[in-house]
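See structure below.
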Amino acid sequence: MADTSSAEAEKENVLIRVGDCSVTLLPHLGGKIASIRIRNSELLQPPLAALRPRTRTMPFDASDASGWDECLPSVAACTVNTPAGLAEVPDHGDLWRVAWQRASAGNETSITLKGECFSLPLALERQIDLSETASGWRLRLEYKLTNTGNHATPWSWAAHPLFAVEAGDTILLPNSITTTRLEGSGGGRLGKAEDRIAWPLASLVDGDQTNLSVVQPAQSGIGDKLFAGPLAPEENWCELHRPSAGVRIRVRFDSTATPYLGLWLCYGGWPDRPGPKQNCVALEPATAPVDSLARSGPWSRTLLPGQSDSWPMFVEIEII
């Protein structure tokens, strides 16, 4: 699998680099950020299957399910009622399935790509800039979403960076976040969807307690999806501490623009099919506290024809 990834990266030849930090992107595979590498350490989930073109209907678990994709206009597959009629949004949205185009020439430290949805008339432009800091490196991502159609269009977005982990790594959230909402839990270990789950010390349905902030062994069979938010202005960050890799990863975002944080904690608990499993933590700034665009609430968003919305995201990598 690593050899396949390297071959795809070499063919695509989209690499931005500053010193010992390099970022590889695959525009033809959904604009995927395939790799964030510090020296010889890979920070993203490696491919579970060969990197290859996707279809408009395949489930996410039939793909490589690796790296960093953008989930738009929904995370969950759903049917959405719009002024233009019913729209069928596939699993994890449209954008990871389509080839993106360069929106600017870019340089050794910056690249701007653009992807267009097919289930709804939406186009996402994402600029990535890599820079060095006093303690490591920073990725700055600027997003711009435009309604390219003739009708008002609903949408939701979540970043989907799958950070590789090892047992004992830790997740840090602002101290003010003491509860989360459960979207789903493999085997129902944390309960059922909509349950409020304490953070970080949570009760399991079997009566035991677990510390959700501590990464469990890869053989644990855990797959939990949680949401925090809506977040206050000062609750605009989360961290993943990886002493085994010698790094601290901090994700920052504008909590007025993206007021929710999705947490995907997967330690061998997904995919359900036979074969390799994810061992990762996804720290996912999002516009909604649910995976499905079909679920409406005060978080719901609509763009008028020609209208755009923009928001930032940052990933800061610190050597420890």
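The values are calculated or read from the model by the stated rules, or taken from the named source; none is laboratory data. Small disclaimer: the values here were computed from a predicted structure and weren't measured. Note that we place each Cβ from the backbone using ideal geometry, even for glycine, and neighbour counts take in every protein chain shown.
Inside the stretch 9-37, residues that are over 23 Å from residue 124 (Cα atoms) and at pLDDT below 95 make up a count of 2.
The set of residues from the stretch 169-199 being over 30 Å from residue 88 (Cα atoms) and either modelled with pLDDT under 95 or in a strand (DSSP E or B) (or both) comprises 170, 171, 172, 179, 197, 198. If we scan the stretch 220-237, do we find a residue that is out of contact with any strand residue (DSSP E or B) (no Cβ under 8 Å at 6 or more places or on another chain), surrounded by fewer than 21 Cβ atoms within 10 Å (Cβ to Cβ), at negative phi and not acidic (Asp, Glu)? Yes, the stretch 220-237 contains at least one residue that is out of contact with any strand residue (DSSP E or B) (no Cβ under 8 Å at 6 or more places or on another chain), surrounded by fewer than 21 Cβ atoms within 10 Å (Cβ to Cβ), at negative phi and not acidic (Asp, Glu).
Note on the stretch 241-320: enclosed strands (runs of 3 or more DSSP E) holding 2 or more residues that are crowded, with 20+ Cβ neighbours inside 10 Å and not hydrophobic (A, V, I, L, M, F, W, C) are 260-267, 279-286.
Note on the stretch 270-290: among residues that are in contact with a helix residue (DSSP H, G or I) (Cβ under 9 Å, 6 or more places away or on another chain) and modelled with pLDDT of 95 or more, the one that is farthest from residue 238 (Cα to Cα) is 271. Only a single criterion out of (1) surrounded by fewer than 17 Cβ atoms within 10 Å (Cβ to Cβ); (2) outside any strand (DSSP E or B); (3) of a type outside the set (Gly, Ala, Ser); (4) more than 19 Å from the chain's Cα centre (by Cα) is not satisfied by residue 166, namely (4).
Failed condition for residue 53, given (1) within 28 Å of residue 296 (Cβ to Cβ); (2) at pLDDT below 95, with all others met? Going through (1) within 28 Å of residue 296 (Cβ to Cβ); (2) at pLDDT below 95 one by one, residue 53 breaks only (1). Checking each residue in the stretch 27-53 for being assigned to a strand (DSSP E or B), touching a residue at least 40 places away in the same chain (Cβ under 8 Å) and touching a helix residue (DSSP H, G or I) at 6+ places or on another chain (Cβ under 8 Å) picks out only 32. Consider the stretch 90-113 and keep the residues that are under 23 Å from residue 150 (Cβ atoms) and touching a residue at least 60 places away in the same chain (Cβ under 8 Å). The one that is surrounded by the fewest Cβ atoms within 10 Å (Cβ to Cβ) is 101. Quick check: anything in the stretch 203-221 under 29 Å from residue 78 (Cα atoms), in a strand (DSSP E or B), modelled with pLDDT of 95 or more and not small (Gly, Ala, Ser)? Looking through the stretch 203-221, none of the residues is under 29 Å from residue 78 (Cα atoms), in a strand (DSSP E or B), modelled with pLDDT of 95 or more and not small (Gly, Ala, Ser). Answer yes or no: is there a residue in the stretch 67-81 that is touching a residue at least 40 places away in the same chain (Cβ under 8 Å) and more than 24 Å from residue 258 (Cα to Cα). No, every residue in the stretch 67-81 fails to be touching a residue at least 40 places away in the same chain (Cβ under 8 Å) and more than 24 Å from residue 258 (Cα to Cα). The set of residues in the stretch 96-129 that are at pLDDT 95 or above, more than 26 Å from residue 55 (Cβ to Cβ) and small (Gly, Ala, Ser) contains only 110.
Of the residues screened, residue 193 is one that is free of Cβ contacts under 8 Å to residues at least 12 places away in the same chain and under 21 Å from the mean Cα position of the chain (by Cα). Note on the stretch 203-219: among residues that are crowded, with 16+ Cβ neighbours inside 10 Å and touching a Gly at 6+ places or on another chain (Cβ under 9 Å), the one that is farthest from residue 239 (Cα to Cα) is 218.
Kindly check whether there is at least one residue in the stretch 179-202 that is closer than 23 Å to residue 260 by Cβ and in contact with a Pro (Cβ under 9 Å, 6 or more places away or on another chain). Scanning the stretch 179-202 turns up at least one residue that is closer than 23 Å to residue 260 by Cβ and in contact with a Pro (Cβ under 9 Å, 6 or more places away or on another chain).
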